Amino acid sequence: MHIKGDHAELVVGGRLDVRSAADARTVLHSALDGGRGDLVLDLTALDSWDATGLGVIMGAHRRAGRTGRRLVLRGVPAQMQRLLVATRLHRILAIEGGIEAESLPRV
């Protein structure tokens with residue numbers, strides 16, 4: 001997993017899973033605590049995430065709310081969009097462009 005960016009936009013690539021969760025959490029919290037306005041999380045280069053990685057995203061979402069910011073997901077791969085719809089998290093998370101649940105193939 002690799003994360004590049006600043007306090008306004010981060011690009012996440014590779015795998016966001018149990019092995020990378022602690023590092024990802026540290027970077028996300030630092031970005032959220034050190035900036036203002038929306039924090040855009042570009043997931044275009046993300047290969048996969050597991051339940052722990054999804055938990056990191058949800059934790060960052062909650063932290064953003066506590067700091068008066070908003071976490072916005074951009075470029076969510078289709079496979080991950082299906083997971084967000086299945087867990088109904090697409091209704092909670094801010095997703096740039098939204099997710100059309102009806103247009104996603106069923107898993």
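The values are calculated or read from the model by the stated rules, or taken from the named source; none is laboratory data. All values reported here derive from a predicted model rather than from experimental measurement. Every residue, glycine as well, gets a Cβ built from its backbone with ideal geometry; the counts of neighbours run over all protein chains shown. For accessibility, only protein heavy atoms count, side chains too; no ligands or nucleic acids. Shrake-Rupley method; radii C 1.70, N 1.55, O 1.52, S 1.80 Å.
So the values come out like this:
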{"read-out": "Answer from A94, A51, A64, A45 - the residue that is over 16 Å from L10 (Cβ atoms) and without any contact (Cβ under 8 Å) to a residue 60 or more places away in the chain", "value": "A51"}
{"read-out": "All positions within segment 68-87 that are touching a Ser or Thr at 6+ places or on another chain (Cβ under 9 Å) and either open to solvent by less than 20 Å² (accessible area, probe 1.4 Å) or closer than 12 Å to D38 by Cβ (or both)", "value": "R74, V76, M80"}
{"read-out": "Filter result for the condition that a residue is surrounded by fewer than 20 Cβ atoms within 10 Å (Cβ to Cβ), more than 13 Å from the chain's Cα centre (by Cα) and assigned to a helix (DSSP H, G or I), over G65, G59, G37", "value": "G65"}
{"read-out": "R25 open to solvent by 40 Å² or more (accessible area, probe 1.4 Å), under 17 Å from R66 (Cβ atoms) and under 12 Å from the mean Cα position of the chain (by Cα)", "value": "yes"}
